[in-house]
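> Structure incoming, see below.
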Amino acid sequence: MGRCLALAALAPLALGNLAMAQPAAAPPVLAIPAAPVAPAPPPVEIPALTPAQAQVALKALRAADLHGLQPKAYVPDGLPDDGTLTPAQQTALAAGLVRYAHDVRIGRMDPGQFPELWQVRPAAYDPRPDLAAALTEGRLQPWLDSLAPRYSGYAALKRGLVRYREIAGKGGWKTVAEGPKMELGSKDPRVAALRARLAVEDSAVTATGAATFDKPLEEAVIRAQRRYGLKPDGVVGNGTLAYLNQPVGQRILQIVANMERWRWMPATMPATRVQVNTGAAIVTLFRDDKPIMSMKAVSGRPGDETPMLVSTIHSVVINPPWNVPAGIAQRELWPKEKANPGYLAKHGYRIIPVQGGQPRLQQASGDQSALGRFKFDFDNPFAVYLHDTPSKGGFDLYSRQASHGCVRLERPRALAEALLNGDATWTSEAIDKQLEGDKTVRAKLSEQVPVYILYWTAFGGSDGQMNFRSDPYNWDRELLQRTGVLASGTKV
């Protein structure tokens, strides 16, 4: 532990991303540059690694693929396995550790790479002080183990990555040809191929069996449809086949993209929170860090994507009016009024003059309001919110990205009562009375509740199986391109 390499701040020489300096008489240190954050912090003195520490470091860097990262980005060429390093190799290995720690902790995206709609972003992290302390105090391995997100969702993806890479290593799975739908009782040459395909992901399925579509096969199809967010009817049409025929490499890339998003999350989330997954169109309320309520949602459609963000629900609006965004009014409502005069009045809209500008529209509160009877307000730059809807049919769909960007709730009253629970002013009876009319009231929460609007297209299920969705916003592909996993323009 006492060995150090002298690298002082004199006449720096560029070595990749590493600023090396000439040896000086000062106590020997490694001057390792910051991970790509701005402004760059000052140099940090990092002790040289002992051979044992170098071996620990090399083992971790070479296993970066367990976190969906690429070992070649961190492991310098030509390092000896025994950990006995030259000064230049010490510098290169320390730089690799810094890059690795940064990427495992907060991801590979630079702050300027985040699109506007991706407002869930990690805090800056400079690994150098932590690395220096870990080396000095002889706890390099525990520090390396602490870097990855501590969430069970991340751990499930990590396990899934190992499993799907094992599947890929065995050749993946064969596609099942399209054709007439297959269901219970069907006799089709493709039944054998379907059975073999399902057996790759589902250990309860026997790869060989009857040529007839039997009950166990139907049950296996239903399980697969649930994992992929499809209608679990046990009928295999071309829609179900499209999901089953996605190559295993596609699923691996989805896992990698979702692991990256977990790195943007804070170290912990509040024990009480509302969590929205726009990729699966599901809303969940957590108490004591456990899900106590979950419901279907309708999130933004492609082109009107619901942003990823973190905020705090501060109030529930009962009988909310709808202040129509100008874009929606211009594209959808004014043309309807022009084609059918009286349309706006018939549907409860009033025209509000705006001095020197285009009149705006407001839809009155009540049963026909596009916001239904409940609206959940939280501050954000996109003016999105959670709300009720008079159009309940959308919740029967299995692809529920269909709104203008806000999130419609299947059971908004249940969420409202849960958030207002404990407030003597807003008992269930008081809410009933308010709903008898159309008067708008704002019920402020006595304790504001954090809301996390996230985008997950790969996640572990309670049965230990991986679940996948279709990447409706193409954000997996964009993320993989921005992090260099995919070349620009490559289809995930």
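Here, each number is a calculation from the coordinates, and none is a lab measurement. Keep in mind the model is a prediction, meaning the values are calculated, not measured. Ideal geometry is used to build each Cβ from the backbone, glycine not excepted, and the neighbour counts take in all protein chains shown.
> May I ask you to compute the full-extension gain from S152 to Q355, defined as 0.36 nm times their residue separation minus their alpha-carbon distance, rounded to one decimal in nm?
Values: separation 203, 0.36 × 203 = 73.08 nm, distance 5.36 nm.
In short, 67.7 nm is gained.
> Put a dot 7 Å past each Cα toward the Cβ at A52 and D110; how far apart are the dots in nm?
Modelled inter-label distance: 4.0 nm.
> Here is a further query. How high is the relative contact order of segment 260-299, in percent, with contacts defined as C-alpha pairs under 8 Å that are six or more residues apart? All intermediate terms of the calculation are to be shown ahead of the outcome.
Values: 52 pairs, mean separation 12.3, N = 40.
Relative contact order of segment 260-299: 31 percent.
> Quick one: net charge around P325, please, counting Lys, Arg +1 and Asp, Glu -1 for every other residue with C-beta under 12 Å from its C-beta.
Details: positive: R331, R360; negative: D304, E332.
So the surrounding residues net to 0.
> Ok, one more. Could you check the spin-label model distance between D463 and T284? Points 7 Å from the Cα along Cα→Cβ, value in nm.
For the pair D463/T284, the computed spacing is 1.7 nm.
> Something else about it: With runs of 4+ DSSP H residues as the only contributors, calculate the mean residue ellipticity of the chain at 222 nm using -39,500 (n - 2.57) per run, divided by the residue total and rounded to the nearest 500. Each step should come with its number before you reach the end.
Values: 14 runs with 146 residues, N = 492.
The helix-only estimate for the chain comes to -9000 deg cm²/dmol at 222 nm.
> Under the rule a/c < 1.5 gives rounded, and otherwise a/b versus b/c splits prolate from oblate, where does segment 364-492 land using the Cα gyration tensor? Show your work: numbers first, answer last.
On the way: a/c = 2.31, a/b = 2.13, b/c = 1.08.
The shape class here is prolate.
> Would you mind getting me the FRET efficiency between M295 and Q141? Use the beta-carbon distance for r and R0 = 45 Å, nearest 0.05.
Values: r = 43 Å, r/R0 = 0.95.
FRET efficiency, M295 to Q141: 0.55.
> Let me ask something else. Could you give the length gained on full extension between S428 and R165, defined as 0.36 nm per residue of separation minus the Cα-Cα distance, in nm?
Numbers: separation 263, 0.36 × 263 = 94.68 nm, distance 5.09 nm.
Length gained, S428 through R165: 89.6 nm.
> So how much slack lies between A192 and A487, counting 0.36 nm per residue of separation and subtracting their Cα-Cα distance, in nm? Mind showing how you got there, number by number?
Numbers: separation 295, 0.36 × 295 = 106.20 nm, distance 3.68 nm.
So the chain would gain 102.5 nm between A192 and A487.
> May I pose another question? Mind running the shape call on segment 114-157? Use the C-alpha gyration tensor, a ≥ b ≥ c as the square roots of the eigenvalues: rounded below 1.5 for a/c, prolate if a/b tops b/c, oblate otherwise.
oblate
> Once you charge only the Cβ atoms, +1 for Lys and Arg and -1 for Asp and Glu, what is the size of the charge dipole of segment 338-492 about its Cα centre, to the nearest 20 debye?
Working: 19 positive and 17 negative charges, 143 e Å.
Dipole about the Cα centre, nearest 20: 680 debye.
> With an 8 Å cut-off on Cα pairs and a minimum separation of 6 or more residues, tell me the relative contact order of segment 323-363 in percent.
On the way: 34 pairs, mean separation 17.6, N = 41.
It rounds to 43 percent for segment 323-363.
> In square nanometres, what is one fourth of the surface area of the convex hull spanned by the alpha carbons of the chain?
Details: hull surface 124.8 nm².
Mean orientational projected area (the chain, Cα hull): 31.2 nm².
> When I318, I282, I255, I292 are ordered from fewest to most other Cβ atoms inside 10 Å of their Cβ, what list results?
In increasing order of surrounding Cβ atoms, one gets I292, I282, I318, I255.
> Which ordering of S462, S391, S203 is given by a fewest-first count of other beta-carbon atoms within 10 Å?
Working: S462 6, S391 12, S203 9.
Ranking S462, S391, S203 by Cβ neighbours within 10 Å, fewest first, gives S462, S203, S391.
> Now for a separate question. Nearest 5 percent is fine: what portion of the DSSP beta bridges confined to the chain is antiparallel? Mind showing how you got there, number by number?
Details: 46 of 55 bridges.
If I count the DSSP bridges inside the chain, around 85 percent turn out antiparallel.
> Restricting to Cα pairs below 8 Å that are 6+ residues apart, what does the relative contact order work out to for the chain? Please round to a whole percent. Please report the intermediate quantities before stating the final value.
Working: 887 pairs, mean separation 70.6, N = 492.
Normalised by residue count, the contact order of the chain is 14 percent.
> Also, quick follow-up: How large is the Kirkwood hydrodynamic radius of segment 266-346, in angstrom, based on all distinct alpha carbon pairs? Walk me through the intermediate numbers first.
Working: mean 1/r = 0.0623 Å⁻¹.
This gives a value of 16.1 Å.
> Evaluate the distance, in nm, between pseudo-label points positioned 7 Å from the Cα of D202 and of K338 along their respective Cα→Cβ axes.
About 5.2 nm separates the two model spin labels.
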